[in-house]
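*Asks:* Mind looking over this structure? Questions follow.
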Amino acid sequence: MGLIQTRVILNAVNLDMFRPAPRDDGLLEELGIDPGAVVIAFLGNLHDRKRPLDIVRSSPAVLSRCPLVVYVVIGEGALREEMVRTSRTLGVEGRFRFVDWRSYEQVPRHINMADIVVLPSFGEGLARVYLETQACGRVLIASDIAPAREVIEDGTTGLLFPVGDVERLAARCIQAAQDRDLRARIGHAARARVQRHHDMAAAVSQYLAAFDALLGRDRFS
């Protein structure tokens, strides 16, 4: 057998579509969020693998230290009703906004509404929302799984916490919510990293080069 050549092309994001932008005042008004709030968002399917209930369970500790925090949960799935019930049981229902899926064109608007995006999954590929969040210059807080470590240098381009550790998740949210300078520093570094490694135009060029190389080999075989 001959040698098998492989080429790795990283997931990419449209940096023109996903870029830092001011909050949309109309969206804040639509969701009943005060302009001075610190917004923590989740975007994804509301299923067990994503562990979205950890966000609700961590929220009382966060709100006790950061009363200006508002949570925005964007997505649908089997756990949504349980999340609503749990928020009510914990007495934090008024600090949560549950939003149905929006069109992809609306995703940058919603990420830029957030100060922090939390993804507590126990399993992912290299989730596109990791890159979209970082491209928008927002703080990504993710569970410490291998795909997250591909894009997060802890404390520099995002924040990590152990999977399922609700107390540590709360601590990370408090850390980011209380420190505007930290959020700005991480957001800037995260955007720069995505520009270096995950630019859509660069990925398209790499795909075209790979196809050209493959067709070239086939042409003369």
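The values are calculated or read from the model by the stated rules, or taken from the named source; none is laboratory data. Keep in mind the model is a prediction, meaning the values are calculated, not measured. Cβ atoms come from the backbone with ideal geometry, glycine included; neighbour counts cover every protein chain shown.
*Asks:* Wholly within region 115-188, which strands (runs of 3 or more DSSP E) include no fewer than the required count, namely at least 1 residues that are among the β-branched types (Val, Ile, Thr), modelled with pLDDT of 95 or more and buried (at least 19 other Cβ atoms within 10 Å of the Cβ)?
*Replies:* 116-119, 139-143
*Asks:* Of all residues in region 30-47 being within 17 Å of Gly164 (Cβ to Cβ) and touching a residue at least 40 places away in the same chain (Cβ under 8 Å), which is nearest to the chain's Cα centre (by Cα)?
*Replies:* Here the answer is Phe42.
*Asks:* Just to check your reading of the model, which residue among Pro60, Pro35 is in a loop (DSSP other than H, G, I, E, B) and either surrounded by fewer than 20 Cβ atoms within 10 Å (Cβ to Cβ) or out of contact with any strand residue (DSSP E or B) (no Cβ under 6 Å at 6 or more places or on another chain) (or both)?
*Replies:* After ruling out the rest, the residue left standing is Pro35.
*Asks:* Determine the pairs where a residue that is free of Cβ contacts under 8 Å to residues at least 60 places away in the same chain, located within region 86-101, has a partner that is of a type in the set (Val, Ile, Thr) and surrounded by 18 or more Cβ atoms within 10 Å (Cβ to Cβ) with Cβ atoms under 6 Å apart, the partner being 6 or more residues away or on another chain.
*Replies:* Going by the 6 Å Cβ cut-off, the qualifying pairs are Thr86/Val56; Ser87/Val56; Arg95/Val70; Phe98/Val73.
*Asks:* Going by the structure shown, is Gly77 small (Gly, Ala, Ser) and in contact with a His (Cβ under 6 Å, 6 or more places away or on another chain)?
*Replies:* Yes: the conditions hold for Gly77.
*Asks:* Now for a different question. Does Arg88 qualify as being over 14 Å from the mean Cα position of the chain (by Cα), in a helix (DSSP H, G or I), surrounded by 15 or more Cβ atoms within 10 Å (Cβ to Cβ) and among the charged types (D, E, K, R)?
*Replies:* Considered against the rule, which asks whether it is over 14 Å from the mean Cα position of the chain (by Cα), in a helix (DSSP H, G or I), surrounded by 15 or more Cβ atoms within 10 Å (Cβ to Cβ) and among the charged types (D, E, K, R), Arg88 comes out as no.
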